[in-house]
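One structure is given below, encoded as structure tokens.
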Amino acid sequence: MITMKDIIREGHPTLRKVAEPVPLPASEEDKATLKSMMEYVQNSQNPEIAGMYGLRPGIGLAAPQINVSKRMIAVQVPDGKGDIISYALFNPKIVSHSVEKSYLTAGEGCLSVDREVPGYVPRYARVTVEGTTLEGESVKLRLKGLPAICFQHEIDHLNGVMFYDHINDANPYEPIDGVPIER
Ligand SMILES: Cc1nc(NNC(=O)[C@H](CC2CCCC2)CN(O)CO)c(F)c(N2CCN3CCOC[C@@H]3C2)n1
Ligand code: NI
């Protein structure tokens, strides 16, 4: 199982690389890796397991964070309307997005960043993401709210982008003309 010792931290070069597409159909090894990433996210949201293994809670994880420079992400996130969005995807891609922006009013963090980095992270309010599931199915997801923010954060990791790259250094809390998301 993945624990915090498997998660690389800022300064590790893999976090700044553009990850390679996963050849499909996925190999048994790539499927096992993606399954273990979803297992981490789910374990981290279980207070008993997270407490037992010292897991930082997460709603998403990208393969570069476990030093695997491949285009794979796992997300399990409440949609704010009582449902949970749970997807493990190969080669996720934002195929369209709103002009309108959105941001988490509490800012963002990252399992690969062991410090607070204050400030609003401007994101698209709505995104359409395409990818391939562990079962080999193509999916097209139309996302908004925290799920949209989370998928953008994870797909950024596949392109070597960290959340604080988006923060306005001159004024980290510069008002964003968009949809604020309370946590
Ligand atoms: C917002 C939030 N960020 C948490 N952590 N950070 C992460 O997930 C990083 C990715 C997120 C940072 C901002 C957007 C994506 C991990 N990252 O670095 C991967 O690249 C949380 F843990 C969390 N929640 C709320 C929902 N809750 C449901 C029940 O279980 C606990 C869970 C806690 N919300
Ligand atoms: Ni992250």
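Summary table
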item: Members of segment 1-36 found to be of a type in the set (Lys, Arg) and open to solvent by 90 Å² or more (accessible area, probe 1.4 Å), listed by number; result: Lys5, Arg16, Lys17, Lys35
item: Residues that are among the β-branched types (Val, Ile, Thr), assigned to a loop (DSSP other than H, G, I, E, B) and within 16 Å of the chain's Cα centre (by Cα), drawn from segment 142-183; result: Val161
item: Residue check for Tyr173: modelled with pLDDT of 95 or more and in contact with an Asp or Glu (Cβ under 9 Å, 6 or more places away or on another chain); result: no
item: Positions within segment 37-61 being of a type in the set (S, T, N, Q), open to solvent by less than 70 Å² (accessible area, probe 1.4 Å) and either in contact with a strand residue (DSSP E or B) (Cβ under 8 Å, 6 or more places away or on another chain) or within 20 Å of Phe151 (Cβ to Cβ) (or both), in sequence order; result: Ser44
item: Cβ-Cβ under 7 Å pairs, at least 6 apart or on other chains, segment 156-183 side open to solvent by 50 Å² or more (accessible area, probe 1.4 Å), far side β-branched (Val, Ile, Thr) and not in a helix (DSSP H, G or I); result: Asn159/Val18; His166/Val121; Pro180/Thr105; Glu182/Thr105
item: Filter pass, Ile84 being in contact with a Pro (Cβ under 8 Å, 6 or more places away or on another chain), open to solvent by 10 Å² or more (accessible area, probe 1.4 Å) and away from ligand 2 (no atom under 16 Å from the Cβ); result: yes
item: Within segment 51-82, tally of residues that are more than 8 Å from ligand 1 (Cβ to nearest atom), among the hydrophobic types (A, V, I, L, M, F, W, C) and closer than 23 Å to Glu182 by Cβ; result: 1
item: Total residues in segment 96-136, condition part of a strand (DSSP E or B) and open to solvent by 40 Å² or more (accessible area, probe 1.4 Å); result: 6
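The values are calculated or read from the model by the stated rules, or taken from the named source; none is laboratory data. Because the structure is predicted, anything quoted here is derived from the model rather than measured. Counting neighbours? That spans all protein chains shown, and the Cβs are built from the backbone with ideal geometry, glycine included. With ligands, DNA and RNA removed, areas are computed over all heavy atoms of the protein, side chains included. Shrake-Rupley method; radii C 1.70, N 1.55, O 1.52, S 1.80 Å.
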